1. Through the Karplus equation 6.51 cos²θ - 1.76 cosθ + 1.60, θ set to phi - 60°, convert the phi angles of the range 63-74 into ³J(HN,Hα) values in whole Hz; use x for Gly and Pro.
2. Provide the per-residue ³J(HN,Hα) series for the range 123-132, in order, calculated from phi with Karplus coefficients 6.51, -1.76, 1.60 and θ = phi - 60°, each as a whole number of Hz, with x at glycine and proline positions.
3. Determine the alpha carbon to alpha carbon distance for each of LYS41/LYS196; LYS49/LYS219; LYS49/LYS179; LYS86/LYS189 and list only those over 32 Å.
4. Would you mind checking which residues have amide H under 5 Å from TYR232's amide H? H placed 1.01 Å from N; only 5 or more apart, or other chain.
5. Once a ≥ b ≥ c are taken as the square roots of the eigenvalues of the Cα gyration tensor of the range 122-193, is the result rounded (a/c under 1.5), prolate (a/b larger than b/c) or oblate (a/b not larger than b/c)?
6. Please arrange THR216, THR190, THR109, THR19 by counting, for each residue, the other beta carbons lying within 10 Å of its beta carbon, fewest first.
7. If R₀ is 25 angstrom, what is the calculated FRET efficiency for the pair HIS98 and ILE156, using the beta carbon separation as r and rounding to 0.05?
8. Between ASN6 and ALA67, what FRET efficiency comes out of the Förster formula 1/(1 + (r/R0)^6) with R0 = 51 Å and r the beta carbon distance, rounded to 0.05?
Amino acid sequence: MSKKINFWPARLDVLQSLTGLLLVLFIWGHMFFESSILLGKDAMYWVSKMFEGEPIFGKPYPLLVSAMVAAIFVLIALHAILALRKFPGSYRQYHQLHRHIGALRHEDTTLWYVQVITGFAMFFLASAHLYVVFVQPDNIGPYASADRVWSGRFWILYALLLISVHLHAGVGIYRLVMKWYPFNAANSKTVRPRLKIAMWSIIAFFLCLGTVTLVTYMKIGWEHADRVGERYVPSSAANHQASE
Ligand code: HEM
């Protein structure tokens, strides 16, 4: 008697990889846009207005930012539900996993555990961040963001989120390639160490970029602490006002 093959576990695996890939591409893009502050306050102001659709519609629509946050939230929820299938489910399973990791000393198994821990941390850290940008989409800009980071003490959340998300994204991309790239016995031994070097380089790059960016927001926020709530006026508008 022929047994019917259940394709659902494979389909769910593809969906988990796909949602993971989209989220990684998003966070890498996010880091470049958000680090525009390194080019100056005007550059970050311009990026924030671009996401509010001002260059297209002639005036800012912060609701567009909220819509993007909602889409990212749905992607995260989908990715997390699919990932939860693979989390250890009981104390016994955790105990066995620790024993297994200790005995195997296999780096890729350890990396999988890094994914579990950072993924779990992000349930809380990412939710707090997404909620704030969802309900206050008009509160993003050189001074608004810097005030939140420094006077609102968000730098603590961002420092923890920065480490979690870039470990998770870097390890995730490495695991994606290992899972779906058609290796053969001949090249697998040379490709794996190269992929590892690429993975650690990408993680180090985004951690450095994120740290320098975060420190820049903290510095601007610290200097602006006695004027919390005041909005940034781009230099073109300030010059225009001065010449009138
Ligand atoms: C559409 C959704 C998102 C928007 C609009 C957004 C926007 C921003 C903005 C404007 C900042 C600068 C600080 C501030 O204004 O509070 C920031 C920082 C940050 N965001 Fe997001 N974010 C989004 C999603 C995410 C997600 C999903 C993650 C990770 C799970 C994330 C991780 C971070 C981190 C780690 C920082 C600090 C970066 C640094 O140290 O330079 N963001 N975000």
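1. 4, 4, 5, 4, 5, 5, 4, 4, 5, 5, 4, 4
2. Karplus values, whole Hz, x for Gly and Pro: 3, 8, 5, 5, 4, 4, 5, 5, 4, 5.
3. Among LYS41/LYS196; LYS49/LYS219; LYS49/LYS179; LYS86/LYS189, the Cα-Cα distance tops 32 Å for LYS41/LYS196; LYS49/LYS179.
4. TYR143, ALA144
5. The shape class here is prolate.
6. Fewest-to-most Cβ neighbours within 10 Å comes out as THR190, THR109, THR216, THR19.
7. Using R0 = 25 Å, I get an efficiency of 0.30.
8. 0.90
Values quoted throughout were computed directly from the atomic coordinates according to the rules given, and no laboratory measurement underlies them. Quantities reported herein were computed from a predicted structural model and do not represent experimental measurements. As a convention, Cβ positions derive from the backbone with ideal geometry for all residues, glycine included, and neighbour counts pool all protein chains shown.
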